[in-house]
Amino acid sequence: MKSKRNRFWSHDNRFRLMLTLGLAVLLPAAALIYVNFQHVESIKRNKRVEALIHRDFDYVLAVSEKKLNQKAYTLTEEIRDLFPSPDNDSEADKTKKLDLILAKKPWLAHVFLYDRDKGIMLRSQPQQLNDTYCREEHDMMEKGYSAWFGMEGKMLVEELHKRSKPISWYASPAKRADGNAFMTTAFFALPHTSADRVVMGGASFDPNYLKQTFFPEMLDELITQKLTEDKGERLAMMVYPMESEGGHEEKPLATSAGWSKGKPEITRKLDDVFRGLALGIKFQGTTVDAIGHRWVMQSFLILGALSVLMIGGLVLTYRSVSKEMALAHLKADFVSNVSHELRTPLALIRLYAETLELGRITTEEKKDEYYCIIRKESERLTALINNILDFSRIEAGRKEYDFRDTDIAELVRNTLDAYRYQIEQQGFAFEQSIDSSLPRVRVDREAIARALVNLVNNALKYSANEKFLGVKLYRANDFLKLEVVDRGVGITRREQSKIFEKFYRTCDPLVHDTKGSGLGLSLVRHITQAHGGEVQVESTPGKGSKFTLSLPLAAATQ
Ligand code: ADP
């Protein structure tokens, strides 16, 4: 009945524990995992990360275009100030001044002065005129521009004067010995000339300068600026001609450092100064896709690690709670066992003492027997109470041992002598083998005696059919061995590791019929370990057990 109630108690508790674990830990954990997975998935789906990066890229490109244009305007304004006056300078002076500009600004390919009354005066870098492409370009421009300005010159000049900066641009592909290039030409109204005069100046940026110096330097500068602003991934930029769109990644006109190969993430058509060109931007050595992917992977990894941790935590909680519950169960058993064990000797003592008191016992022999029973029962009580006291001291960490130089053979012999009568009276065959030539050792006599008494008591308690007790004390190398052997019920292999735990009692029915607290062996182990030794058990169910204490001689004699 009692064990049934215990089982119910334990089932009930297990269910409640599972419920708490489920509600308090498992559910939130599962919800967290689910929500996180959803979150990561959604980020992956709508590519928000990419959109953000693209917006940033767009902005960088817009700023870059502005800065490229500004630079071109500034350079042009410098030239404009050096231009000859259409009215005050003679033709020869004008030529000289134009040639001087070309000499001062080697990054210009051509400069020209247009006056409707006098036609176009176009000068080109002298050393470049040896290049056939350049020559052709010079001739084409001369012809083309005079025809164009002849027709639309007046309108062009009027428009220039209306602008805040009187400069306008004509961009065109160009050819050079080393391949395709790009040229942009600035037209500007000359300073101090009225809008009625159809006069204007112009300058073409050298295609080689644009390709080899202007763009690479500007792009590098722009990227460095962007880098100092935020310390993210390194960027790379390039500029390419629009007509080669589709295959543009193979044909950049100029690139910043670190472009290597690959497609730009985002492009921007340039207008005004560099119409016909486009800017492209990307990360150095990686793509937005790759970054997004890496990010998602990282999130999954973190999530995975968290989940593993959480599951680990759950398993640990479950294990420790189960252990606690098992211990609580054992404690409950312990209390009932101990009360039982206390009650039996007390009842006996009272019964025999009362009988003696009544004076009904007449024979001295009977009286002696009763006195003996009272003594033995009180001894049993003392042993039990000593065990409990020792145990509570150990649990509180207050157990102290009193090591003294001891003749251990004598100690064992004396302890057994006190029990001999009881052993033999219970019908046990008792074999004792004590080596008398053992060295003296330092031990806590009381503790060692208590360990031995516990082992002997167990042997007596757990022997059913064959009643045999053997105690052996001998030396094996550097160890003292104290063996207690019985031919009793034995202990299964699975339980052999548990019997030294506090409160533990095996499931054997005989054990349940026998009184005990489950403290004895845990005390034996504690005592042996305090002496630097260990306790071992060899046992076969139904055949008997052998408990061996090994005490190191060296440590024990210290
Ligand atoms: P108690 O004897 O008070 O129950 P112990 O700690 O001394 O507590 O022993 C723990 C358990 O180990 C016992 O309940 C019993 O099941 C088992 N045991 C101990 N000694 C023996 C033995 N000599 N033979 C069989 N079983 C034993």
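The values are calculated or read from the model by the stated rules, or taken from the named source; none is laboratory data. Values in this document were obtained by computation on a predicted structure and should not be read as measured data. We place every Cβ from the backbone using ideal geometry, glycine too, and count neighbours over all the protein chains shown. For the accessible areas, the whole protein counts, side chains as well, though only heavy atoms, and no ligand, DNA or RNA atoms are used. Shrake-Rupley method; radii C 1.70, N 1.55, O 1.52, S 1.80 Å.
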Practice problem: Could you figure out which of (1) more than 22 Å from T415 (Cβ to Cβ); (2) over 50 Å from the mean Cα position of the chain (by Cα) isn't true of G488? | Solution: (1)
Exercise. All but one of (1) of a type in the set (F, W, Y); (2) away from the ligand (no atom under 16 Å from the Cβ); (3) open to solvent by less than 90 Å² (accessible area, probe 1.4 Å) hold for W295, so report the exception by its number.
Key: (3)
Practice problem: Inspect all residues belonging to the stretch 365-378 and state whether any of them is of a type in the set (K, R), open to solvent by 70 Å² or more (accessible area, probe 1.4 Å) and closer than 26 Å to E446 by Cα. | Solution: yes
Quiz item: Based on what the data block shows, is L549 open to solvent by less than 20 Å² (accessible area, probe 1.4 Å), in contact (Cβ under 8 Å) with a residue 60 or more places away in the chain and more than 9 Å from the ligand (Cβ to nearest atom)?
Solution: yes
Quiz item: If N13 satisfies every condition in (1) of a type in the set (S, T, N, Q); (2) open to solvent by 30 Å² or more (accessible area, probe 1.4 Å); (3) at pLDDT 80 or above but one, which is the exception?
Solution: (3)
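Residue by residue, here is whether (1) open to solvent by 70 Å² or more (accessible area, probe 1.4 Å); (2) over 16 Å from A449 (Cβ atoms); (3) near the ligand (Cβ under 8 Å from one of its atoms) holds:
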site: T506; (1), (2), (3): no, yes, yes
site: S517; (1), (2), (3): no, yes, yes
site: S522; (1), (2), (3): no, yes, yes
site: Q529; (1), (2), (3): yes, yes, no
site: G533; (1), (2), (3): no, no, no
site: Q536; (1), (2), (3): yes, yes, no
site: K543; (1), (2), (3): yes, yes, no
Self-check item: All positions within the stretch 472-502 that are open to solvent by less than 50 Å² (accessible area, probe 1.4 Å), out of contact with any Asp or Glu (no Cβ under 7 Å at 6 or more places or on another chain) and either more than 8 Å from the ligand (Cβ to nearest atom) or of a type in the set (D, E) (or both)
Solution: A476, L480, K481, L482, E483, V485, D486, E495, Q496
Practice problem: Assess whether R123 counts as being surrounded by fewer than 19 Cβ atoms within 10 Å (Cβ to Cβ), touching a helix residue (DSSP H, G or I) at 6+ places or on another chain (Cβ under 9 Å) and among the charged types (D, E, K, R). | Solution: no
Quiz item: Mind checking which pairs have a first residue in the stretch 458-469 that is more than 7 Å from the ligand (Cβ to nearest atom) and a second that is of a type in the set (S, T, N, Q), Cβ under 8 Å, 6 or more apart or different chains?
Solution: L460/Q422; L460/Q426; K467/Q426; L469/S463
Exercise. Report, ordered by the first and then the second residue, all pairs with beta carbons closer than 8 Å, sequence separation of six or more or different chains, a first member in the stretch 219-236 that is buried (at least 16 other Cβ atoms within 10 Å of the Cβ), and a second member that is modelled with pLDDT of 85 or more and part of a helix (DSSP H, G or I).
Key: L219/S64; L222/V60; L222/V63; L222/S64; L222/K67; K226/V60; L235/V60
